[in-house]
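Throughout, read-outs are computed from the coordinates displayed, never taken from laboratory work. These numbers come from a predicted model, not from an experiment. Reconstructed Cβ throughout: ideal geometry from the backbone, glycine too, with neighbour counts over all protein chains shown.
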Amino acid sequence: MIKRDDFVVHGIDAEATGRNVFAMLREDGLTVTDVSDLLGVSPQAIYGWNKGKLPSIDNLVILSGYLGCSLESMIVLYGDIEEA
């Protein structure tokens, strides 16, 4: 976390972000194969998102456009409250 006067920046929680992106894809009915084909990455890379390996920023932009959501809704910052 970076603090400067009243400005606080929390870093990206990679593991929670990966789980969030993975859940969003499943909610939209996409399989790992669908996403792999869409992004041109291996299925192993996509499974890695659940283990804290973030998608590239390019892939996050592509996914946000495909899902019709904002990047902000995909990214979880340290200190954010996750809904169960």
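So for each of 48-61, 12-25 I average, over its residues, the number of other beta carbons within 10 Å; can you give me the resulting order with the highest mean first?
12-25, 48-61
At 10 °C and 1.306 mPa s, what whole-number value in µm²/s does Stokes-Einstein give for the translational diffusion of segment 2-74, with Rh from the Kirkwood sum over Cα pairs? Could you put the intermediate results ahead of the total?
Details: Rh = 12.9 Å.
After rounding, the answer is 123 µm²/s.
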